[in-house]
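Let me begin by presenting the structure, written as structure tokens, before commenting on it.
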Amino acid sequence: MTTDMNDQRGSADSGVREELLAASDATIEEAVSFADPMVLRGLIYQFTGDPEIAETAFEYHPGFLFVEGTGLSEEDDALIRRKAVAFLQAYRDSGAGELGVGPSDRLPASIALTVGHEIEPDYLDFLLEELALNPWTRGLEWEEKPPQRCEEFLVTVIGAGMSGLNAAIQLKRAGIPFQVIEKNDGSGGTWYENRYPGARVDTPSKLYTHTFGVDYSYPYAFCPWTENLKYLDWVADTFNVREDIIFQTEVRSLVWDEATSMWEITVEGPEGRRTLRSNAVITAVGILNRPNMPDDLPGIERFEGPSWHTSHWPSDFDPTGKRVAVIGTGCTGYQLVPELALEAGHVTVFQRTPQWLFPVPGYLSPLPPQVGWLDRNLPYYTNFTRLRIASGFAGAFEGDFQRIDPDFQDEHAVNPTNKAARDRCIGFLREKLPNEELVRTMTPKHPVFSARAVIVDPERSILDAIQRDNVTLVLDGIRGITPTGVETEDGTVHAVDAIVYATGFKATEYLFPMSITGRNGMTVEKLWSQTGAQAYLGTMIPGCPNLWTLWGPNTNGGLPIPAIQEMATHYALECIERLILDDKQSIDAKEEPYRRYNEMIDDRNRHLVWSDPRAQNYYWTRFGRSATQNPLNTLETWSMLREPNFADLDIR
């Protein structure tokens with residue numbers, strides 16, 4: 001998966017940029033004033049090799065998701081912007097035509113200038129991938145011309161969300177026959193389903209793209225669901241895989257047929273129940289797609305008004321003037337309530353556990369139009385922006401905010417960095433809330449990062465919503481649902497017109513509700529009966545040949561979600577390549593490497609903050625281990641999926 005320096009390109013680096021040709025000097029200067037100076041620092045140096053840019057200084061230290069530091073001096077900032085303006089003006093005056101990225105041997109220095117620190121050689125390879133100068137850097141490149149058998153090897157992809165679309169596109173590019181099974185009537189996965197008011201990503205949108213989508217220009221730094229779905233529809237249509245998706249069809253079971261080395265796939269759709277056969281299966285079903293309804297809540301079926309889970313938001317629901325209950329205050333509830341309160345007559349929020357909030361300026365705001373102008377007119381600006389953000393994300397996982405320091409004595413935190421994060425969060429609460437009593441109410445008892453933290457806009461968030469006259473925050477436990485509302489433990493019945501369950505998903509029940517029977521009658525249900533969901537490298541399950549999971553067990557963290565999905569897809573395709581080139585029938589994870597890998601994962605997880613027993617989260621299972629969290633850092637995660645270690649695999 002090395003980057004071919006002769007194939008470095010962005011989708012906008014050929015042809016003439018007519019918009020730039022028509023731009024005045026003032027337009028260019030204004031656009032550059034909105035640019036990230038660190039992106040300009042690396043990019044303009046890559047084009048020019050200007051020693052004055054190389055001599056600018058930036059003090060770096062890793063932060064949470066974003067690179068934080070003292071930054072550039074005003075003088076260096078101005079110098080970089082001035083040189084960027086001059087470069088763009090000269091490029092415009094030369095005709096704004098095709099432009100290469102510059103010499104490949106300059107890239108390491110340019111990358112270091114962008115991310116703000118020197119780069120280790122192994123880490124450089126990862127950053128070159130994230131830079132996506134070759135948009136197919138995570139695609140399969142055949143070792144030799146594939147034989148005739150390739151045309152007969154069918155792969156079934158389950159799910160047409162972000163990971164399933166990537167798998168389909170990579171299979172199509174590799175010339176491997178495939179089909180995609182999707183239970184919904186449209187592509188987009190979780191963003192097709194989750195359309196509640198306020199739904200949006202908490203990962204920077206520039207990272208919420210595939211490497212082949214690096215030039216896609218998002219209108220927000222953190223996009224709402226509408227824009228996420230628009231991107232995924234663009235992916236399906238631009239790369240012509242929509243026609244390969246079988247919609248409104250759900251996989252009920254997978255059964256391995258040893259005699260033919262094929263999977264028998266039982267599906268149910270408009271044509272009824274039928275069985276398909278496939279040489280291999282890639283599951284791309286995700287973990288945030290099966291609603292976790294509180295079915296044991298007494299009286300839930302007695303409520304006389306409408307009620308629904310947030311992932312089933314009715315498109316025709318008008319909250320104007322209505323009394324609405326929101327049960328659940330995880331990330332979804334905290335996103336929903338501020339938006340719902342703008343229209344509803346009254347919102348009653350039932351909070352069992354508050355969550356840690358991290359303010360990110362501009363989280364809800366559209367990007368200035370000048371940023372989109374730069375995406376379109378400054379060659380490779382999208383690539384270097386992605387690089388900059390990816391480095392910040394990776395830096396967070398290199399830090400120690402999540403590690404438990406046994407010598408650190410503080411009842412609220414697990415190490416000094418973790419305490420500093422907590423202090424920052426408490427400071428934000430005190431800044432936004434009118435009194436200490438409310439600050440205590442909104443302060444979680446668990447350490448920061450032991451459960452999923454919530455990114456919010458400092459200008460408008462759940463903290464503003466609970467201070468509105470039409471919002472009531474209820475802290476008492478829920479006794480049950482009545483025909484007219486929600487009854488709490490103190491006997492109060494909160495009368496409402498509608499109930500929204502923001503109660504999350506069955507995130508630890510991987511592959512649910514599919515039934516999977518592998519080799520020798522082994523079922524995944526039985527394999528996981530004593531441990532919960534596990535996989536080799538998060539993607540292969542012993543006894544299930546030719547089956548790979550994307551965003552599988554213990555792959556949450558270490559890499560952004562699209563990156564871990566791309567890496568797992570590449571890993572699967574390299575396994576399939578081995579089968580086809582060597583004329584083999586099946587490939588399976590051996591039992592001992594599977595056990596060894598998961599023992600390592602569990603041991604590492606026990607020393608991280610999300611193992612804290614005070615946290616109520618979807619990370620941990622009833623088996624005393626995490627089925628979701630990846631304790632490995634970015635480089636470890638990326639390295640283990642770069643290419644298969646075939647000694648750990650049983651090939652027949």
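Against the numbered list (1) in contact (Cβ under 8 Å) with a residue 12 or more places away in the chain; (2) assigned to a helix (DSSP H, G or I); (3) among the charged types (D, E, K, R), Asp423 comes up short only at (1).
With the condition kept exactly as written, say whether any residue in segment 209-217 is aromatic (Phe, Trp, Tyr), in a loop (DSSP other than H, G, I, E, B), at pLDDT 95 or above and more than 18 Å from the chain's Cα centre (by Cα). So far as segment 209-217 goes, no, none of its residues is aromatic (Phe, Trp, Tyr), in a loop (DSSP other than H, G, I, E, B), at pLDDT 95 or above and more than 18 Å from the chain's Cα centre (by Cα). The set of residues in segment 361-401 that are of a type in the set (A, V, I, L, M), open to solvent by 20 Å² or more (accessible area, probe 1.4 Å) and either within 17 Å of Val85 (Cβ to Cβ) or modelled with pLDDT of 95 or more (or both) comprises Leu364, Leu367, Val371. Tallying residues that are more than 22 Å from the chain's Cα centre (by Cα) and open to solvent by 20 Å² or more (accessible area, probe 1.4 Å) within segment 315-335 yields 8.
Of the residues making up segment 603-633, those that are open to solvent by 20 Å² or more (accessible area, probe 1.4 Å), touching a strand residue (DSSP E or B) at 6+ places or on another chain (Cβ under 8 Å) and either closer than 22 Å to Asp400 by Cβ or modelled with pLDDT of 95 or more (or both) are His607, Ser611, Trp620. Of all residue pairs spaced 6 or more apart or on separate chains, those with beta-carbon atoms under 8 Å, a first member in segment 437-450 that is without any contact (Cβ under 8 Å) to a residue 40 or more places away in the chain and a second member that is surrounded by fewer than 16 Cβ atoms within 10 Å (Cβ to Cβ) and of a type in the set (Lys, Arg) are Val439/Arg430.
Scan segment 244-299 for residues that are part of a loop (DSSP other than H, G, I, E, B), over 24 Å from Thr508 (Cα atoms) and among the β-branched types (Val, Ile, Thr) and the total you get is 1. Among the residues of segment 188-195, is there at least one that is surrounded by fewer than 23 Cβ atoms within 10 Å (Cβ to Cβ), under 19 Å from Thr283 (Cα atoms) and out of contact with any Pro (no Cβ under 7 Å at 6 or more places or on another chain)? Yes: one or more hits. Just checking, does segment 264-273 include any residue being touching a residue at least 60 places away in the same chain (Cβ under 8 Å), over 22 Å from the mean Cα position of the chain (by Cα) and open to solvent by 40 Å² or more (accessible area, probe 1.4 Å)? Taking every residue of segment 264-273 in turn, none turns out to be touching a residue at least 60 places away in the same chain (Cβ under 8 Å), over 22 Å from the mean Cα position of the chain (by Cα) and open to solvent by 40 Å² or more (accessible area, probe 1.4 Å).
Of the helices (runs of 4 or more DSSP H) lying entirely inside segment 85-175, those containing at least 3 residues that are open to solvent by less than 10 Å² (accessible area, probe 1.4 Å) and touching a His at 6+ places or on another chain (Cβ under 9 Å) are 162-174. The residue that is surrounded by the most Cβ atoms within 10 Å (Cβ to Cβ), among those in segment 504-534 that are of a type in the set (A, V, I, L, M) and closer than 15 Å to Val285 by Cα, is Ala533. Considering Tyr192, Tyr208, Tyr196, the condition of being closer than 30 Å to Phe384 by Cα, in contact (Cβ under 8 Å) with a residue 60 or more places away in the chain and touching a helix residue (DSSP H, G or I) at 6+ places or on another chain (Cβ under 7 Å) is satisfied by Tyr208 alone.
Each residue in segment 263-298 was checked for being under 25 Å from Tyr618 (Cα atoms) and of a type outside the set (Ser, Thr, Tyr), and 16 pass.
The values are calculated or read from the model by the stated rules, or taken from the named source; none is laboratory data. Owing to the predicted nature of the structure, the values given are computational and were not obtained by experimental measurement. Reconstructed Cβ throughout: ideal geometry from the backbone, glycine too, with neighbour counts over all protein chains shown. Each accessible area value is taken on the protein alone, full model and side chains, heavy atoms only, with ligands, DNA and RNA left out. Shrake-Rupley method; radii C 1.70, N 1.55, O 1.52, S 1.80 Å.
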